[in-house]
1. I want the local charge near SER193. Using Cβ-Cβ distances under 14 Å, sum +1 for each Lys or Arg and -1 for each Asp or Glu among the other residues.
2. Order the peptides 461-474, 361-374 from the highest to the lowest mean number of other Cβ atoms within 10 Å of their residues.
3. Quick check: net charge around SER157, other residues with Cβ under 9 Å of its Cβ, Lys/Arg +1 and Asp/Glu -1?
4. Grab the beta carbon distance between LYS98 and ALA191, set R0 = 41 Å, and tell me the FRET efficiency rounded to 0.05.
5. Go through LYS207/LYS371; LYS80/LYS371; LYS98/LYS430; LYS320/LYS371; LYS38/LYS98 and tell me which ones have a Cα-Cα distance over 31 Å in this structure.
6. On average, how much accessible surface per residue is there in the range 181-319, in Å², for a 1.4 Å probe, leaving out ligands, DNA and RNA?
7. Express the accessible area of the range 324-481 per residue in Å², computed with a 1.4 Å probe while the remaining protein chains stay in the model.
8. So between MET341 and VAL470, what do we pick up on full extension, going 0.36 nm a residue minus the alpha carbon distance?
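The values are calculated or read from the model by the stated rules, or taken from the named source; none is laboratory data. Just so it is clear, the model here is predicted, and its values are computed rather than measured. Here the Cβ positions follow ideal geometry from the backbone for every residue, glycine too, while neighbour counts run over all protein chains shown. Heads up: the accessible areas ignore ligands, DNA and RNA and are worked out on the full protein's heavy atoms, side chains in. Shrake-Rupley method; radii C 1.70, N 1.55, O 1.52, S 1.80 Å.
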Amino acid sequence: MATSIFFFVLLFTTVLSRTTPDNASRTKILDVSSSIQKTYNPFSLDSSLNSLKHEENQISSSLLSFQLHSRVAVRGTSHKDYNSLMLARLERDSARAKSLQTRVDLVVQGIGKSDLKPMETEFREIQAEEIEGPIISGTSQGSGEYFSRIGIGHPPSQVYMVLDTGSDVNWVQCSPCADCYQQADPIFEPASSSTFSPLTCETQQCKSLDVSECRNDTCLYEVSYGDGSYTVGDFVTESITFAGSSSVENVAIGCGHNNEGLFVGAAGLLGLGGGALSFPSQINASSFSYCLVDRDSDSTSTLEFGGATPPNAVTAPIIKNSKLDTFYYVDLTGISVAGNMLSVNPSDFEIADNGDGGVIVDSGTAVTRLKTDVYNTLRDEFVKGTRHLPSTNGVALFDTCYDLKSMKSVEVPTVSFHFSNGNELALSAKNYLIPVDSSSTFCFAFAPSSSLSIIGNVQQQGTRVSFDLVNSLIGFSSNQC
């Protein structure tokens, strides 16, 4: 009898040792208490910017490295509670996703550079009375969730710039302003910079613009976004200075005199896309990486150029869209929930011959978008694994939400991305089940899309994302901020 009991215990222990790792990979633990506590952070941060600016000016950074800050760390918040803050974020995010989809739609429709026309009301002579016009408050359109402090010109004028992997053209608001929105720092004054140099119309930089106009042999640019926002002005070269003393000369950048509806608080945008005019392309970067810190904290991380992908990174192939070179498309082939691959059509992740579809990694979009059929399948499979959790009404674009009151932690199915090279990226629970208020309402942070799929920054938070431009690989390294 004792022998039988010993054999049973041995057998049970052996089976347990084989199944426990597998079960652990099928579920994740969400720390509900910690997530809720973080919802109070945005309302306790110093919104004056003074301490943040002073701290960063003391940083001695290595060559080609920027400090990264979340939106609330730079701007603070005027919202009364976390729910209203989240609703504003989701509204900005919808505008952002629409903007990217519009860009793809233009490609699908065959509208190229020769078909685009500048806005007649914006490419105009700036009259004296316009220069005297007020600096208007920006709207809440555009995402702009992560900022870096960058020096423009020589001597460098320190300003906050939005980081955007979905854009190529770098630009900054410039004096004189015909129409500028409110920003945290003084408007850049070209006359005060010894390195400011207008580009002529025959330069390659000017010819690389989607929309440009020639006036008195100087190049004018326009960048318009799908939500109706735009920036218009002179296309010039300037020096860009990093947090330390390192600088890059002759970077093509827009000097915007007419700017509407974008990136409240920031002076402009640093384009990190794959096109010829993006910052990485202009400095011939072999690689760059960023780590997006928690959006509700004042923690900082870095945007770095030239470093190697961490050895523990989950890598995925970057694939080209022959119709559009700005976006970083990743070769996603499947998604699993609790270790079970979703039954979806592989073509739902592929780039069509006309440039439509595909999956991009984007720093500016918050919530990951998937084609509607894929999203529905993912959501339904996730709901099956969370039947033990009390559900509640949807919030904004989220249709799958839970009431986790009185719960300190919960177990939820693991959500993983699978790539064509066989690698799997298992997301942390906090990257796909997120609080939308301080009352323990959590929502599944995915949303449907008509065609373009986007891996957004909610799913990237706490992960160093590396772009190996030589070997066409994107790397994801958890806890490498």
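1. Surrounding charge for SER193 is -4.
2. Values: 461-474: 18.9, 361-374: 23.8.
With the highest mean Cβ count within 10 Å placed first, the list reads 361-374, 461-474.
3. On the way: positive: none; negative: ASP185, GLU189.
Net local charge, SER157 excluded: -2.
4. That gives a FRET efficiency of 0.65.
5. Working: LYS207/LYS371 35 Å; LYS80/LYS371 34 Å; LYS98/LYS430 25 Å; LYS320/LYS371 19 Å; LYS38/LYS98 29 Å.
Long pairs (Cα-Cα over 31 Å): LYS207/LYS371; LYS80/LYS371.
6. Dividing the accessible area of the range 181-319 by its residue count gives 34 Å².
7. 36 Å²
8. Values: separation 129, 0.36 × 129 = 46.44 nm, distance 3.11 nm.
Between MET341 and VAL470, full extension yields 43.3 nm more.
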